[in-house]
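The values are calculated or read from the model by the stated rules, or taken from the named source; none is laboratory data. Everything numeric in this text was worked out from a predicted model, so none of it was measured. Note that we place each Cβ from the backbone using ideal geometry, even for glycine, and neighbour counts take in every protein chain shown. All accessible areas refer to the heavy atoms of the entire protein, side chains included, with ligands and DNA or RNA removed. Shrake-Rupley method; radii C 1.70, N 1.55, O 1.52, S 1.80 Å.
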Amino acid sequence: MVGGGTVGCVIASRLSHAGHRVALFETGPLNYSKEVMSSSGAPLLHGTPAEYNYKTTPQAMLENREVPTYGGKVLSGSSAVNYGLWTRGHSTDYDAWAEHLGDERWSYNNLLKYFKKTENYQGLNVSSEVHGFDGPFSVIRGIKEYPLRTEILNALQQSGLEVNPDGHSGNPLGISEFTENWKNNQRQPSGLAYDLSKTDVFTDTTVARIDIDTHTKIATGVTLQDGRSVKARKEVILSCGAIRTPQVLMLSGIGPAEQLHSLGVNSIVDLPVGKNLHDHVSGSLFWKLRNPEQGLAIGSPLFNKPEYFTGTAVDWVATITIPDNLLSSAATSDGTSVDELNGPGPRAHAEILTVYAPIAGGGTDYRLPFDGTHISTPTLLLLPTSRGQITLTSTNATHDPVIDPGYLKTAVDRAVLCEGLRAAMRAMETPAGQRVVQGESPPPGFPQLTSASTDADIDARLALMGSSFYRSAGTAAMGTVVDSKCRVKGVGRLRVCDASILPMPIASHYQAAMYAVAEATAAMILEEGACE
């Protein structure tokens, strides 16, 4: 097992507990320190050794900024450093994936048992047909009761959105309670949630490449960065994430032949590794509170109940679909159509969070202090149509690859995010919203935005504020790089399972989805007897 991250720990645990000997290699250390385990500590881990602290190439649509993006560099990977949000996305996302592959194993209905298998829903009146109650992850929602809970709900409803009593049932559209996976105000990293006691775990150990017999094109093991070789009795499973997995594949001779030859790497299989990179880009607006003295946001001395500091200070998440008529011209300019992009049924195009602090992603210079005077509405593009790529800089596995996500390259992505931001503005412009905020606080030199603002004004703000929500995926895509059983095309005894295999975006915060995919993959391997 190459990579002891979110997915790698799941598969290693399941296979080893089924009686198979599994060696798991993780570049980072074992680190379950107080800082890592804190449910509210994720922002403080950026820039530390607990993370890969990447920067993208300059992004043309974001003022040529190099946008920060992150990944866990410890055992448990990004599950040890993320923000703990727990969403599944829309069933249509998985059904589109299954249709694209011609394999129903990846449809929502077939993955449902694995979603349920991971969950231990806490204190909620939900159906056992939809959710699980015996899984490794404690899933909580609606327990914090922030001061603005009712007012924000009213504002979202007055803007035309409807309450969805369970946004994690395969249809997230509407207003749902914010859901996270903390237990006793502590993080649940995958390497703790899943028992690794029967796995041979090697931390602080970097895999330089996968060893492949050039005649048979069968993976035989791995070579470590220090030169040692480790043989695999049955197969090698790669799970280093959407940025490092393509790097390891390419360093092993699997990837675009021309690029590999330019670096002196012998090409074994010519595959589009590193292509199809997609990520959830976001834009945030700051709103000045009308009555900050009432203790409504982080930084106010009256915003002080202990439960307020479990995870992220949010009550509600609003997930919206963008009407076809608002996307049609953008799709045409991109050389496609709304029908081709969306398929049947409404899609979850954008997500709006209302955070009780002025939260913005990394890479923007516009910041406001956490002094209790502002809240924010980060808005996420959930189904990006823009695609980027990962490329190598050298043959050294410890060097960062080049990351070019191509944020907002397509007219459709810009149109969706514009309409998502307008939806956030409309909520704050309702009578309920106006009782909460005075208005939007623009950066110096920028006009105050309203729902009537032009696309040009909103695009200009996005250029300044646009940022990653740290969900890179797609760079070893199922259908082009791996088959529907996660096997690398043209190479025997080699699989990939992590977010790199997602052929298309999913409208979720990926950890819940990837745990289900990991469980499904482990079950598939065991059913095949590949590890016997």
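Please go through the residue pairs 73/217; 34/117; 275/409; 183/305 and name each one whose alpha carbons sit more than 21 Å apart in this structure. It would help to have the intermediate numbers written out before the result.
Numbers: 73/217 30 Å; 34/117 28 Å; 275/409 15 Å; 183/305 18 Å.
Table pairs above 21 Å Cα-Cα are 73/217; 34/117.
Can you list residues from other chains, or at least 5 along the same chain, whose modelled amide H is less than 5 Å from the amide H of residue 201?
Those qualifying (amide H under 5 Å, at least 5 residues apart or on another chain) are 24.
Can you pull the three principal axis extents for the Cα set of the chain, in Å, largest first?
70, 48, 41
Given the C-alpha centroids of segment 214-253 and segment 1-46, what is the distance between them in whole angstrom?
After rounding, the separation between the Cα centres reads 19 Å.
I need the phi-derived Karplus couplings for segment 77-82: 6.51 cos²θ - 1.76 cosθ + 1.60, θ = phi - 60°, integer Hz, Gly and Pro marked x.
These are the phi-based 3J(HN,Hα) values: x, 5, 5, 8, 9, 7 Hz.
Please report the orientation-averaged projected area of segment 260-389, defined via the convex hull of its C-alpha atoms, in nm². Could the numbers behind the result be given before it?
On the way: hull surface 54.0 nm².
Result: 13.5 nm².
Over the Cα atoms of segment 58-160, compute the convex hull volume and normalise it per residue, giving Å³.
233
Kindly provide log₁₀ I(q)/I(0) values, in the same order as q = 0.12, 0.13, 0.14, 0.26 Å⁻¹, from the Debye equation applied to equal alpha-carbon scatterers of segment 357-431.
After summing over all Cα pairs, the log10 values are -0.55, -0.62, -0.69, -1.19.
If amide hydrogens are placed 1.01 Å from N in the peptide plane, which non-local residues have theirs closer than 5 Å to the one on residue 220?
The list, which skips near neighbours in sequence, is 211, 212, 213.
Could you pull out the GluC sites (Glu not before Pro) across segment 160-233 that fall in loop regions by DSSP (anything but H, G, I, E, B) with no more than 12 other Cβ atoms inside 10 Å?
Sites meeting the loop and neighbour criteria: 162.
In nm, to one decimal, how far is the residue 395 label point from the residue 215 one, both placed 7 Å along Cα→Cβ?
2.3
Using only DSSP helix segments of four residues or longer, with each worth -39500 (n - 2.57), what per-residue ellipticity at 222 nm results for the chain after dividing by its residue count and rounding to 500?
Numbers: 15 runs with 142 residues, N = 532.
Taking each H run of at least 4 residues, the total per residue is -7500 deg cm²/dmol.
Expressed in nm to one decimal, what extension gain is obtained for the pair residue 454 and residue 435 from 0.36 nm per residue of sequence separation less their Cα-Cα distance?
Taking 0.36 nm per residue and subtracting the Cα distance, the gain is 4.3 nm.
Could you tell me the extents of segment 19-67's C-alpha atoms along the three principal axes, largest first, rounded to whole Å?
Largest first, segment 19-67 extends 52, 28, 16 Å along its Cα principal axes.
Need the full-extension length gain, residue 109 to residue 44, defined as separation in residues times 0.36 nm minus the C-alpha distance. One decimal, nm.
Value of the extension gain: 19.6 nm.
Points 7 angstrom from Cα along the Cβ direction at residue 234 and residue 325: gap in nanometres?
5.7
What whole number of Å gives the distance from the Cα centroid of segment 74-132 to the Cα centroid of segment 298-340?
19
Measure out, as a whole number of angstrom, how far apart the alpha-carbon centroids of segment 373-391 and segment 470-518 sit.
Result: 20 Å between the Cα centres.
Can you pull out the trypsin sites (Lys or Arg not before Pro) in segment 1-47 whose DSSP state is coil and whose Cβ has at most 12 other Cβ atoms within 10 Å? Walk me through the numbers before you get to the answer.
On the way: sites: 14, 21, 34; in loops: 21.
Passing sites in segment 1-47 are 21.
So what does residue 337 come to for accessible area, using a 1.4 Å probe and Å² rounded to 10?
So the heavy atoms of residue 337 present about 50 Å² to solvent.
What Kirkwood Rh does segment 18-109 have if only Cα atoms enter the pairwise 1/r average? Answer in Å.
Across segment 18-109, the inverse of the average 1/r is 16.4 Å.
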